[in-house]
Amino acid sequence: MITMINKRSKGKTSERIAEKFLIEKGFKLIYRNYYFNKGEIDLIFNDNGVLVFTEVRSTRTTEFGKPEDSITLRKRKQLRRVAEGYLWENNLENVECRFDVVAITWVEGKPIINYIPNAF
């Protein structure tokens with residue numbers, strides 16, 4: 001149980017770091033942890049009129065691959081469905097959208113950020 005709590009805490013910390021990172025790039029935060037139909041998008045931003053659905057992934061080691069490598073085809077499809085749900089719930093049409101990834105690798109307690117705009 002302690003491991004799960006630590007993992008969840010590290011995930012929330014990574015999301016806050018990603019949020020701060022993108023805000024410093026000039027993005028405007030719209031929504032944190034948007035849920036729709038059993039799926040979630042970590043962060044939603046406005047980047048100069050483009051709606052940016054952002055997935056945050058983090059890991060303590062790259063022994064089994066980089067954090068961004070864990071975004072499977074199934075996860076991408078789920079993110080698309082949730083994004084469509086966001087557009088539908090907010091009556092948004094003809095809006096430019098993209099999916100970004102903020103991948104964070106923790107090295108000696110410090111986050112190393114790999115930002116991937118328009119990741120898929």
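The values are calculated or read from the model by the stated rules, or taken from the named source; none is laboratory data. Since the model is a prediction, treat every value here as computed from it, not as a measurement. For neighbour counting, all protein chains shown are included, and Cβ atoms are generated from backbone atoms with ideal geometry for every residue, glycine included. Quick note on the areas: whole protein, heavy atoms, side chains included, nothing else; ligands and nucleic acids left out. Shrake-Rupley method; radii C 1.70, N 1.55, O 1.52, S 1.80 Å.
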Neighbourhood charge, 15 Å Cβ-Cβ cut-off, centred on Leu87 and excluding it, Lys, Arg +1 and Asp, Glu -1: -1
Lys, Arg +1 and Asp, Glu -1 on Cβ, resulting dipole of the chain about Cα centre, debye, nearest 20: 460
Antiparallel bridge percentage (DSSP; both residues within the chain; nearest 5): 70
Solvent-accessible area per residue for the chain (1.4 angstrom probe, square angstrom): 66
GluC sites (Glu not before Pro) restricted to region 1-84 and DSSP loop, no more than 11 other C-beta within 10 Å: Glu63
Counted charge near Arg98, where neighbours are those whose Cβ lies closer than 12 Å (Asp, Glu -1; Lys, Arg +1): -3
Cβ-Cβ FRET estimate between Arg60 and Asn91, R0 fixed at 41 Å, reported to 0.05: 0.50
Per-residue SASA entry for Ile23, accessible area with 1.4 Å probe, Å² rounded to 10: 80
Neighbour cut-off at most 13 other Cβ (10 Å), DSSP loop, trypsin sites (Lys or Arg not before Pro), region 11-48: Lys25, Lys38
Rounded percent of accessible protein surface that carbon and sulfur make up, the chain, 1.4 Å probe: 50
Solvent-accessible area of Val101 with every protein chain in place, 1.4 Å probe, in Å² to the nearest 10: 0
Calculated diffusion of the chain, Stokes-Einstein form, Kirkwood radius summed over Cα pairs, 10 °C and 1.306 mPa s, µm²/s: 107
Exposure of Leu29 as accessible area (Å², to 10), given a probe of 1.4 Å and all protein chains: 60
Estimated Rh, region 59-120: Kirkwood, alpha-carbon pairs, angstrom: 13.4
Whole-Å semi-axes of the ellipsoid equivalent to region 26-65 (Cα gyration tensor, √5λ, descending): 24, 15, 7
